[in-house]
1. Are any of the residues in region 41-51 among the hydrophobic types (A, V, I, L, M, F, W, C), surrounded by fewer than 16 Cβ atoms within 10 Å (Cβ to Cβ), over 23 Å from residue 104 (Cα atoms) and over 17 Å from the mean Cα position of the chain (by Cα)?
2. Test of understanding: among 28, 56, 18, which residue is surrounded by fewer than 13 Cβ atoms within 10 Å (Cβ to Cβ) and out of contact with any strand residue (DSSP E or B) (no Cβ under 6 Å at 6 or more places or on another chain)?
3. Among the residues of region 58-89, count how many are modelled with pLDDT of 95 or more and farther than 17 Å from residue 159 by Cα.
4. Could you go through region 61-72 and let me know if any residue there is out of contact with any Ser or Thr (no Cβ under 6 Å at 6 or more places or on another chain), closer than 16 Å to residue 167 by Cα, surrounded by 15 or more Cβ atoms within 10 Å (Cβ to Cβ) and not aliphatic (A, V, I, L, M).
5. Within region 125-173, take every residue that is β-branched (Val, Ile, Thr) and part of a loop (DSSP other than H, G, I, E, B) and give me the one that is modelled with the lowest pLDDT.
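The values are calculated or read from the model by the stated rules, or taken from the named source; none is laboratory data. Just so it is clear, the model here is predicted, and its values are computed rather than measured. Every residue, glycine as well, gets a Cβ built from its backbone with ideal geometry; the counts of neighbours run over all protein chains shown.
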Amino acid sequence: MAQLNFLLGIGVILMQVAIVVLVVPLFARNNLASQSILGLLKKWAIPLGFFITLGASILTLVYSDVFGFIPCSLCWFQRIFLYPQVVLLGIAWFKKDNGVWKYVIALSVLGAVVALYQHYLQMGGTELLPCPADGVGDCGKRFIYEFNYVTFPLMAATLFAWQWVLGLIAKLR
């Protein structure tokens, strides 16, 4: 499991770098390189978003059902915003419906807010709102802590940010 945590930490860092790299062409769409990158991503946005959310959903289930980590209430809220994206993007891919991104972006923004709040708690922040923990899972407990900043909620926030940027690219005209 330590190796999986390490690999996921590296994956999160790479995804964060990719997000920053993709934001640049969004603002500099006038050059040919930006147009090429955005065009390619726009073409493959739905399958890419589908497979990333599917993989993340499977990993959440592996950690809770195989490794025995009990998700707290905030983790469940993040899952509530993640799991429907798999279904929505799967249907959109089948139907070739690019209109799905307004729903994916909305779910991602809400999920990112919850994830960033929980990451804040896990990094030692004080509760701004009472933790809705039901006594089983603790919102402030870190299960993963790679590279002195990568936690489960930060992984979720990174995924939601990726989906948001991918959605913005897919919605470009």
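1. Narrowing region 41-51 to residues among the hydrophobic types (A, V, I, L, M, F, W, C): 41, 44-46, 48, 50-51.
Among the residues that remain, those that are also surrounded by fewer than 16 Cβ atoms within 10 Å (Cβ to Cβ) are: 44, 51.
In the following step, the residues that additionally are over 23 Å from residue 104 (Cα atoms) were identified as none.
Among the residues of region 41-51, not one is among the hydrophobic types (A, V, I, L, M, F, W, C), surrounded by fewer than 16 Cβ atoms within 10 Å (Cβ to Cβ), over 23 Å from residue 104 (Cα atoms) and over 17 Å from the mean Cα position of the chain (by Cα), which makes the answer no.
2. On the way: 56 fails: surrounded by fewer than 13 Cβ atoms within 10 Å (Cβ to Cβ); 18 fails: surrounded by fewer than 13 Cβ atoms within 10 Å (Cβ to Cβ).
Matching residue, one of 28, 56, 18: 28.
3. Total satisfying the criteria: 0.
4. Of region 61-72, the ones out of contact with any Ser or Thr (no Cβ under 6 Å at 6 or more places or on another chain) are 61-70, 72.
Filter again for closer than 16 Å to residue 167 by Cα, leaving none.
For region 61-72, residues out of contact with any Ser or Thr (no Cβ under 6 Å at 6 or more places or on another chain), closer than 16 Å to residue 167 by Cα, surrounded by 15 or more Cβ atoms within 10 Å (Cβ to Cβ) and not aliphatic (A, V, I, L, M): absent.
5. Restricting attention to region 125-173, the residues satisfying the condition of being β-branched (Val, Ile, Thr) are 126, 136, 144, 150-151, 158, 165, 169.
From what's left, part of a loop (DSSP other than H, G, I, E, B): 126, 136, 144, 151.
Numbers: 126: 75, 136: 58, 144: 80, 151: 90.
This residue is 136.
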